1. Of everything in segment 124-159, what is surrounded by 21 or more Cβ atoms within 10 Å (Cβ to Cβ) and not in a loop (DSSP other than H, G, I, E, B)? Give them in sequence order.
2. Just one of (1) in contact (Cβ under 8 Å) with a residue 12 or more places away in the chain; (2) under 28 Å from Y200 (Cα atoms) trips up F163, so point out which.
3. Residues A91, A47, A16, A6: which one is among the aliphatic types (A, V, I, L, M), within 24 Å of S228 (Cβ to Cβ), assigned to a loop (DSSP other than H, G, I, E, B) and more than 16 Å from the ligand (Cβ to nearest atom)?
4. State whether one or more residues within segment 183-190 are out of contact with any strand residue (DSSP E or B) (no Cβ under 8 Å at 6 or more places or on another chain) and either at pLDDT 95 or above or over 27 Å from V7 (Cβ atoms) (or both).
5. Within segment 102-123, is there a residue that is polar (S, T, N, Q), closer than 17 Å to E84 by Cβ and either more than 10 Å from the ligand (Cβ to nearest atom) or assigned to a loop (DSSP other than H, G, I, E, B) (or both)?
6. Going by the conditions given, is A64 within 16 Å of the chain's Cα centre (by Cα), within 13 Å of the ligand (Cβ to nearest atom), touching a residue at least 24 places away in the same chain (Cβ under 8 Å) and closer than 20 Å to T13 by Cα?
7. Looking only at residues that are among the basic types (K, R) and in a strand (DSSP E or B) in segment 160-195, which one is farthest from the ligand (Cβ to nearest atom)?
8. Which condition number does D42 fail, the rest of (1) more than 22 Å from R107 (Cα to Cα); (2) within 18 Å of the chain's Cα centre (by Cα); (3) in a loop (DSSP other than H, G, I, E, B) being met?
Amino acid sequence: MTNEKAVPAYPQTGVASTCRSFDEYCAMFRLKPADLKGPVLDVAGGASSFTANLHAKGVRAMAADPFYEGLTDEIIATGYKEIEVASAKIAAMVASFDWSYYGSPERQREIRERSMALFAEDFRREDAWTRYFAAALPSLPFEDDTFELALCSHFLFLYADTFDERFHAAALRELIRVLRPGGELRIYPLVTLKWEKYPYMERVLGELEEIASHEFLPAGLPFTPVRSPLLKLVKKAGPTG
Ligand SMILES: C[S@@+](CC[C@H](N)C(=O)[O-])C[C@H]1O[C@@H](n2cnc3c(N)ncnc32)[C@H](O)[C@@H]1O
């Protein structure tokens, strides 16, 4: 996990709301059907169709993101715009990425457009408020011990220049609070937008030792210029502190 080829940073101001698909989530988090019995939380879910797909399968699934605050049409338009913006950025540094999963930038874009359309359809439904929660880490509007599985794709650790070590420690503690004992939190990737290993990982995990065990597992969605494992945390039984 070192940027030996000195690949330039991904040019990003603020946090983008991307729209990865259900299949991308299953690949990056190595999810099997048995992991998805629910309830499942997608934190920093953005315009991903993961929650929509799971809901369509009859699984209790929720997503939390400050992105869900505001007018439905504007939120959806922002999601579509991000596909354009991200595609242009990726095109400008196309050789830096690993295309073994997507095959080509065109195929990646097709996947994103399909995912965005599924998200938009679900987000417009009358009962969308029961799945999509406008909320920002490190504070989530859920009871203690609610979820069997929580996922965080492309937010924690990635935006290390915007969110400091204290934020990350508090965000992880909050995510563990809403997990059931024995429930899992999986986070990917563990590199920053400069393609460097997240620098405070040991310290952040050290603070959580009493409430969660952790392990690093190989992820299944090669793409970033520097490969990253995924982080899996399992909530221990007992008070969450
Ligand atoms: C790069 S997107 C990832 C979207 C989706 N998980 C995916 O993989 O396509 C990052 C998301 O983090 C959200 N975000 C920003 N600040 C946040 C916070 N404090 N708590 C939770 N999510 C946040 C953004 O609104 C954005 O939708």
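The values are calculated or read from the model by the stated rules, or taken from the named source; none is laboratory data. In this text the structure is predicted, and so the values were computed from the model without any measurement. When we count neighbours, we look across all protein chains shown, and the Cβ atoms used for this are built from the backbone with ideal geometry, even at glycine.
1. Passing the criteria: Y132, F147, L149, A150, L151, C152, S153.
2. So F163 meets the others, but not (1).
3. Details: A91 fails: assigned to a loop (DSSP other than H, G, I, E, B); A47 fails: more than 16 Å from the ligand (Cβ to nearest atom); A16 fails: more than 16 Å from the ligand (Cβ to nearest atom).
So the residue among A91, A47, A16, A6 that is among the aliphatic types (A, V, I, L, M), within 24 Å of S228 (Cβ to Cβ), assigned to a loop (DSSP other than H, G, I, E, B) and more than 16 Å from the ligand (Cβ to nearest atom) is A6.
4. From segment 183-190, those out of contact with any strand residue (DSSP E or B) (no Cβ under 8 Å at 6 or more places or on another chain) are none; that's our starting set.
Among the residues of segment 183-190, not one is out of contact with any strand residue (DSSP E or B) (no Cβ under 8 Å at 6 or more places or on another chain) and either at pLDDT 95 or above or over 27 Å from V7 (Cβ atoms) (or both), which makes the answer no.
5. Step one: of segment 102-123, the residues polar (S, T, N, Q) are 104, 108, 115.
Narrowing the set further to residues that are closer than 17 Å to E84 by Cβ leaves 108, 115.
Cutting the leftovers down to either more than 10 Å from the ligand (Cβ to nearest atom) or assigned to a loop (DSSP other than H, G, I, E, B) (or both) gives us 108.
Scanning segment 102-123 turns up at least one residue that is polar (S, T, N, Q), closer than 17 Å to E84 by Cβ and either more than 10 Å from the ligand (Cβ to nearest atom) or assigned to a loop (DSSP other than H, G, I, E, B) (or both).
6. Numbers: within 16 Å of the chain's Cα centre (by Cα): yes; within 13 Å of the ligand (Cβ to nearest atom): yes; touching a residue at least 24 places away in the same chain (Cβ under 8 Å): yes; closer than 20 Å to T13 by Cα: no.
Answer is no for this residue.
7. Taking segment 160-195 and keeping what is among the basic types (K, R), we get 166, 173, 177, 180, 186, 194.
Subset that is in a strand (DSSP E or B): 180, 186.
Details: R180: 21, R186: 12 Å.
Per the criteria, the residue is R180.
8. If we test D42 against (1) more than 22 Å from R107 (Cα to Cα); (2) within 18 Å of the chain's Cα centre (by Cα); (3) in a loop (DSSP other than H, G, I, E, B), just (3) comes out false.
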